[in-house]
2 protein chains.
Amino acid sequence: MSTYHPLTEQEAIQIAKELDGFFSPNSTLTSKEIGDGNLNLVFHIKDEQANKSIILKQALPYAKVVGESWPLSLDRARIESEKLILEGKYAPGLVPIVYKYDQDLALTVMEDLSDHIIMRKGLIDGHTYPLFAEHISTFLAQTLFYTSDLGMNQQEKKRLVKSFINPDLCKITEDLIFDDPYTLSSNNNYESAIEDAAKALREDELLHLEVAILREKFLTKAQGLLHGDLHTGSIFVTENSTKVIDPEFAYYGPIGFDIGAVFANLLLNYCSVDHWITEDKRDEFKAYLLNTIKTTWTLFNEKFTALWAKDGIDRLANSTPAYKSHYMLSLLQDAVGFTGAKMIRRIVGLAHVSDIDTISDDALRHKAQRKAITIGTTLIKQNRSISLIEELIDIVLSN
Amino acid sequence: MSTYHPLTEQEAIQIAKELDGFFSPNSTLTSKEIGDGNLNLVFHIKDEQANKSIILKQALPYAKVVGESWPLSLDRARIESEKLILEGKYAPGLVPIVYKYDQDLALTVMEDLSDHIIMRKGLIDGHTYPLFAEHISTFLAQTLFYTSDLGMNQQEKKRLVKSFINPDLCKITEDLIFDDPYTLSSNNNYESAIEDAAKALREDELLHLEVAILREKFLTKAQGLLHGDLHTGSIFVTENSTKVIDPEFAYYGPIGFDIGAVFANLLLNYCSVDHWITEDKRDEFKAYLLNTIKTTWTLFNEKFTALWAKDGIDRLANSTPAYKSHYMLSLLQDAVGFTGAKMIRRIVGLAHVSDIDTISDDALRHKAQRKAITIGTTLIKQNRSISLIEELIDIVLSN
């Protein structure tokens, strides 16, 4: 079974049975393929009697996007598995546990999180997650500080850069986030009702300058080992728990990119709130979302600088207070810029978010889309002059 | 002979003889080891009768620096060989031809350039090289543009980043250029007569901020495939020819680092001119050096932007004029900052330059050292606000 082929449910059960000491030898296991079939097979293997379960995730050698097939390296399964293990080391409890990785089958066996729900769905259903800012700020600070030149031996970091070179998956981001939305591209995907707003994105040279600078950072700035796709669909939550999943886009990039992914997806939800939550709860929910962004930044800033003070390994950086301020400010500015870029791609680009796409009323949906574009554009244009997280909040509130 | 061991002169001759079609089978070859023995063995193999010769360069598994032994990966021989071949592709005629690379022996067989002299020595002897700016600007523009995300397929570039991860050699630069000169370090090496100037380097927090920012760029900014050690001791010249050698420090870094290496070494020579050239020629020689810097930048800027216009592969970057200006300005600013850092390390750091160290008069030598520190410090502190190459020249002339 070691040559690569897409697994059947029976094969998945067999692999689960052979897993050392997880299921008892005589247990009866059921298998259900629960993936969306676009990029991966995901088998949910369960022992009903013992109430134990596990996930097998197998990479497929292609991505099915809008009917087309896009070849993708199976190496992304190695990257995902190795990144999950590193995240588990630096941020224990905030990612699924990895039990096994089989390189030949591009298969990762990991903790079942089916008692959690996808955060995007939770937010759309009007749930709030009061511990999320605390959890995600820990995840960001721990995984990004300890893989940066500030917190990791700089020679060891270079070997990690090498191991996480991820050309295929990075290209998806380079095209879909940092190129297509700003030109006529067959990858774009938006309704003709917002053509004027989409056209404005293509014709705004000041915007293009800032997007090109952000694109350059994505292409060249090997600052920390990113998750690379940290939207609210890659986060499982309960009231008390946060688990970050699916780091197959992991690579060494600008730290602000991961932070911006979280902010952007909270803001995309924000843009949709007026249209699905009952009127009496809207203001409260919007305040919750903005407060989550502000608290996430504040706690991230505190935790990252605390780690730096405790475990910083770079003598010059450690002993130069002005550099610490400069560094944290540049993380905020990058995060603001990437927030904007990630909002815009979800409106006019290939892949959308259900927060907005499921608004059934056309006019309200278009209004939400325009709002996301306006906020995104403003954040991108102003990112290099931002100095406080409150300025991001102000931009949201005034648009 | 395929297991690694340092070659004898007889073994070097044998390898040269076996080289396909270079020497005739019955030729009598002589071998002379001409390396400095610190990092590499360098065999000069010659057929006196046919007047043909060749160089065998073999990496040693350590660096001897000030009596100590510093272990170094033999992988640097692969990096040097592969980088030389790439440079030969992008900048033909400006590097020695590589005939053979033997990975097991960490051995590169290459063109003999003994009709050239080391540029540093030529400058100290008062020679000028009127074609140097033309040549080196071509070398810089061609090797850096075509390995950047602007001129190379971005997925292919990532594979090249991976292949040129160079932890050992980068660490030398990180320590000796971007750390030691700004702290009490046993690696530092300067005369007590300039202790006050060295102390000032250690206590200037504004300087430390800028050095830390430059250090971060060196550690994280994978912009182009650098030579990595482009001082005038790594350049062979004649009146009509320029050959860049010794790219064992090659890695993906900030483009301005290579440019700054050239500028810094011309300026170190500039600081020494008063003390070894006859008085009537000093002004002319200094003007030549400054003009070479200015012309090198001007031509580099012209050539790099011309390549961008002709062969730019990044749609967004190509179609955003404001980004082109931003990009070229940031190259200049980085170059100015790295120029300063490279000047300072050659005065108070471990490795010096003979331009200044061979000034026999103590007072004059110290004066030259102080001048280099002053210019270097000013360039570092002002790098992020520079907008024209003339500002660099003005800083030199006013210090």
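So, restricting to strands (runs of 3 or more DSSP E) that lie completely within segment A:181-272, which ones have at least 2 residues that are within 11 Å of chain B (Cβ to nearest Cβ)?
Output list reads A:251-253.
Is there any pair linking a residue in segment A:79-100 that is under 18 Å from A:Thr138 (Cβ atoms) to one that is aliphatic (A, V, I, L, M) and open to solvent by 30 Å² or more (accessible area, probe 1.4 Å), with Cβ under 6 Å and at least six apart or on different chains, and which?
Qualifying pairs under 6 Å: A:Leu84/A:Val98; A:Ile85/A:Val98.
Determine whether A:Thr143 is more than 8 Å from chain B (Cβ to nearest Cβ), more than 27 Å from A:Val273 (Cα to Cα), part of a helix (DSSP H, G or I) and of a type outside the set (Phe, Trp, Tyr).
In short, yes.
(1) within 25 Å of B:Pro130 (Cα to Cα); (2) open to solvent by 60 Å² or more (accessible area, probe 1.4 Å): which one isn't true of B:Ser385, the others all being true?
(1)
List the number of the failed condition for A:Trp308; all other conditions in (1) in contact (Cβ under 8 Å) with a residue 60 or more places away in the chain; (2) crowded, with 23+ Cβ neighbours inside 10 Å hold.
So the condition that A:Trp308 fails would be (2).
Quick grid of which residues meet (1) touching a Phe, Trp or Tyr at 6+ places or on another chain (Cβ under 7 Å); (2) over 30 Å from A:Gly88 (Cα atoms):
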{"residue": "A:Ser163", "(1), (2)": "no, no"}
{"residue": "A:Ser185", "(1), (2)": "no, yes"}
{"residue": "A:Glu195", "(1), (2)": "no, yes"}
{"residue": "A:Ala198", "(1), (2)": "yes, yes"}
{"residue": "A:His208", "(1), (2)": "yes, yes"}
{"residue": "A:Val211", "(1), (2)": "yes, yes"}
{"residue": "A:Arg215", "(1), (2)": "yes, no"}
{"residue": "A:Leu225", "(1), (2)": "yes, no"}
{"residue": "A:Ser234", "(1), (2)": "no, no"}
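Sort through B:Ile118, B:Ile194, B:Ile136, B:Ile177 and tell me the only one that's farther than 30 Å from A:Asp168 by Cβ and open to solvent by 20 Å² or more (accessible area, probe 1.4 Å).
B:Ile118
Quick one: in segment A:159-173, of everything that is more than 8 Å from chain B (Cβ to nearest Cβ) and open to solvent by less than 20 Å² (accessible area, probe 1.4 Å), which residue is nearest to A:Leu60 (Cα to Cα)?
So the residue we want is A:Leu169.
Answer yes or no as to whether A:Ile277 is surrounded by fewer than 20 Cβ atoms within 10 Å (Cβ to Cβ), more than 14 Å from chain B (Cβ to nearest Cβ) and not in a helix (DSSP H, G or I).
It is true that A:Ile277 is surrounded by fewer than 20 Cβ atoms within 10 Å (Cβ to Cβ), more than 14 Å from chain B (Cβ to nearest Cβ) and not in a helix (DSSP H, G or I).
Got a sec? Which of A:Ala317, A:Ala287 is open to solvent by 20 Å² or more (accessible area, probe 1.4 Å), more than 18 Å from the chain's Cα centre (by Cα), among the small types (Gly, Ala, Ser) and on the phi < 0 side of the Ramachandran plot?
A:Ala287
Return yes when B:Thr143 is open to solvent by less than 10 Å² (accessible area, probe 1.4 Å), polar (S, T, N, Q) and over 16 Å from the mean Cα position of the chain (by Cα) and no when it is not.
Judged against the criteria, B:Thr143 is not a match.
Residues that are aromatic (Phe, Trp, Tyr): which strands (runs of 3 or more DSSP E) entirely in segment B:3-92 hold 1 or more of them?
B:40-47, B:62-65, B:68-71
Identify, by number, the condition in (1) within 14 Å of chain A (Cβ to nearest Cβ); (2) open to solvent by less than 30 Å² (accessible area, probe 1.4 Å) that B:Leu329 doesn't meet.
(2)
The values are calculated or read from the model by the stated rules, or taken from the named source; none is laboratory data. Because the structure is predicted, anything quoted here is derived from the model rather than measured. Glycine also receives a Cβ, built like all others from the backbone with ideal geometry; neighbour counts cover every protein chain displayed. These area figures cover heavy atoms from the full protein model, side chains too; ligands, DNA and RNA do not enter into them. Shrake-Rupley method; radii C 1.70, N 1.55, O 1.52, S 1.80 Å.
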